[in-house]
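The values are calculated or read from the model by the stated rules, or taken from the named source; none is laboratory data. Computed from a predicted model, the values in this text were never measured in an experiment. Quick reminder, even Gly has a Cβ in these numbers, built from the backbone with ideal geometry, and neighbours come from all protein chains shown. SASA here: full protein model, heavy atoms, side chains in, ligands and nucleic acids out. Shrake-Rupley method; radii C 1.70, N 1.55, O 1.52, S 1.80 Å.
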Amino acid sequence: VLSPKIVQNNKQVKQEMVASFFESFFSKVPEEPNVIPDDIPMKSPLTQLIDDIAMSVQPSSQRIALLEDACNAFNHRDQNMHDVELHEGAARVLFAKLSFVIAIHASDYELKTVCSALEMVHRGSEYGIEQTYNMIGFEVLPLLVKVMQIPFERGQKVKDVDGKANLTSEDALRPSSQKLVRGAAPDGARVLLSVTSDVKTAVQKATKILAAYSLIPAAKVKMAHVPKMLHALIAITDRRNAMTDAARFSALATITNMAHDENNRIAMASEQNLIDSISRMAKYEESDMARQCSALALMNLSQGDSASVPLIDENEILLDTLVRLMGDEKPDTRRNAAIALYNIACADDNTIRLAKHRDGVILEALVRIVASENDVDEARLNAAEALFNMACSEKEEVTKRMGDYPGFLYALANVLKTDSANTSTGVELYVAETLRRMAEVTNSNMAAHGALLGSLVDSSCWTETSCIAEAFEHQASSPDHREIMAKRPGLLSGLARQALAVGANGEKTRTAAIAAIELLTLVDSNRPILAANEGIMMALTRASFGEAAGDDEDAIRLAEERNKSVQLALKNLVQAI
């Protein structure tokens, strides 16, 4: 039996032997310098930052510090560098962090910071943003919707009788950054919103990201069908909800871009409060950009064929807005408003509302643009198209109101009287068609009949198309009109001018005018008046010696019709001559 002292001595010997062995072993290994092998790549600062953000969970101070570092790193305007950030996965990691922040109900400051970093990396090129959307876009759209809903989820619904939000004394004592404001929820309910400046900034950044995505063709349709997306965007555009101007403009831009897709228009136009909200924004905003975007959004939403054009019903604010936009200083805004009215007029049921609105104020606005020599041709053309669409309505009340509106028909004729009319870019074509259509639906029992005949006289210089001559012919086809027409001052001279027309459409114009003269000669009391008119007799004489202007069937047919009308007219006038 060994004593404790001996055992202790033996342990000490063993330790010394082991130490001696390892010392001798490692002393034989040559020392190598501390060098990182070439095949192990070093992480770039960008990659390291993104990885650190992805791995950070707790504490919140660490997460926020890293997000602040990200904002400092990403806050620049180099598109190529932003494309690199997107390629390295910055958007993917930040969206994951946004999901985490929302899930744990983190502070408003952290929410703002992560949304700010996300908006910064989305300042890249269209290609870079499109590639990012293709990889993660559709999955992250609901996250952006959640951010936009935060102010309204915190809102307190108001149930008072008069429908106004009442602030209590407790609300008045809140810090200035957390004041309750009166607002409107996406469903239209009145609410009190508790909105901090950080939440407003977060919403602003989310809408800017959505505006960037809405430029991607593949994203437009999907975005319109994300649950509650439209509701949130509509609520943000509402001034009553006190969001930032940048947020409201970005939300409006997103709506505009989404409405540009044909597949979205019907669903979006039927969305409750959408058109009203856009109209309200255009009507009350002082910003040129807001009005221009609103006009473009309304134009996009109103496009479609006659079966899919939205019905405006009693939507006074929409029509008031379009009238105001047609008087805007910006030509593009006026043009877009005129196109919206043209689109709306494609539905026959809408034309009555357009003609009746505030006793014809829309007619006045459209004519003002058409007659303006200072306006761009495109805006004038769109306004002229809108008037023609209204004139083609099958609703008798529409054309009656158009004809009865003071100065309307003469204003159209004045457009055709200008020296530059025959060199126009198309505006006069629609004006002439509108006058022809008005001649088809106006008779001697209407108050507008005298104004119609006067406008045809004033526009008889227009011979680029056969519209005015056809309007004379249509009026003369009614026995009740013939004596009135022959006795109308200047009408026979204007009709003779049409019967002597030359040019590309001269054949059709002369044929229609000669036919109108022949119809007027059917009234006995008209014959002396016609026979005494030098222009009428010259037109008939020239037409009696005229031949077909070509060998095609149409030219031959028109020549035969003219010759027949001339023979009948001269036969009727023989006794008077």
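In terms of accessible area, using a 1.4 Å probe and ignoring ligands and nucleic acids, GLU271, GLU364 rank largest first as GLU364, GLU271.
Using a simple spin-label model with pseudo-atoms 7 Å out from Cα toward Cβ, ARG240 and ILE317 lie 0.8 nm apart. Compute the Cα gyration tensor for segment 208-296, then decide on rounded, prolate or oblate, letting a ≥ b ≥ c be the square roots of its eigenvalues: rounded whenever a/c is under 1.5, prolate when a/b is larger than b/c in the other cases, and oblate in all that remain. It comes out prolate by the Cα gyration axes.
How much length, in nm to one decimal, is gained on full extension between ASP349 and GLU396, taken as 0.36 nm per residue of separation minus their Cα-Cα distance? Each step should come with its number before you reach the end.
Working: separation 47, 0.36 × 47 = 16.92 nm, distance 1.16 nm.
Going from the current span to full extension adds 15.8 nm.
Starting from the Cα-Cα distance between GLN62 and ASN443, subtract it from 0.36 nm times their residue separation and give me the gain in nm to one decimal. Please list the in-between numbers first.
Values: separation 381, 0.36 × 381 = 137.16 nm, distance 8.30 nm.
That works out to 128.9 nm of additional length.
Taking all protein chains as they are arranged and a probe of 1.4 Å, the heavy atoms of THR399 leave approximately 10 Å² accessible to solvent.
In this structure MET243 has an accessible area near 10 Å², from a 1.4 Å probe over the protein heavy atoms. When the alpha carbon gyration tensor of segment 424-481 is reduced to an equivalent ellipsoid, its three semi-axes come out at 20, 11, 9 angstrom, largest first.
By how many nm would the segment from GLU262 to ASN134 grow when fully extended, if each residue of separation counts as 0.36 nm and the alpha-carbon distance is taken off?
Numbers: separation 128, 0.36 × 128 = 46.08 nm, distance 2.11 nm.
So the extension gain works out to 44.0 nm.
By average Cβ neighbour count within 10 Å, what is the ranking of 326-335, 453-462, 53-62 from highest down?
Details: 326-335: 18.4, 453-462: 23.7, 53-62: 12.6.
For the peptides 326-335, 453-462, 53-62, the packing ranking is 453-462, 326-335, 53-62.
Beyond 25 Å, what percent of the Cα pairs of segment 422-561 remain? Can you show the working numbers first?
On the way: 2266 of 9730 pairs.
Summing the P(r) tail past 25 Å for segment 422-561 gives 23 percent.
By a 1.4 Å probe calculation restricted to protein chains, VAL367 has an accessible surface near 20 Å², given to the nearest 10. The distance between label points at ASP288 and ARG368 comes to 1.9 nm (points 7 Å beyond Cα on the Cα→Cβ vector).
Dividing the convex hull volume of the alpha carbon atoms of segment 60-107 by its residue count gives 72 Å³ per residue.
Could you order HIS122, HIS260 so the one with the most accessible surface comes first? Probe is 1.4 Å.
Details: HIS122 15, HIS260 110 Å².
Correct descending sequence by accessible area is HIS260, HIS122.
Quickly rank 495-508, 246-259 as a protection proxy: mean count of other C-beta atoms within 10 Å, highest first. Please report the intermediate quantities before stating the final value.
Values: 495-508: 19.6, 246-259: 25.1.
Those peptides, ordered most packed to least, come out 246-259, 495-508.
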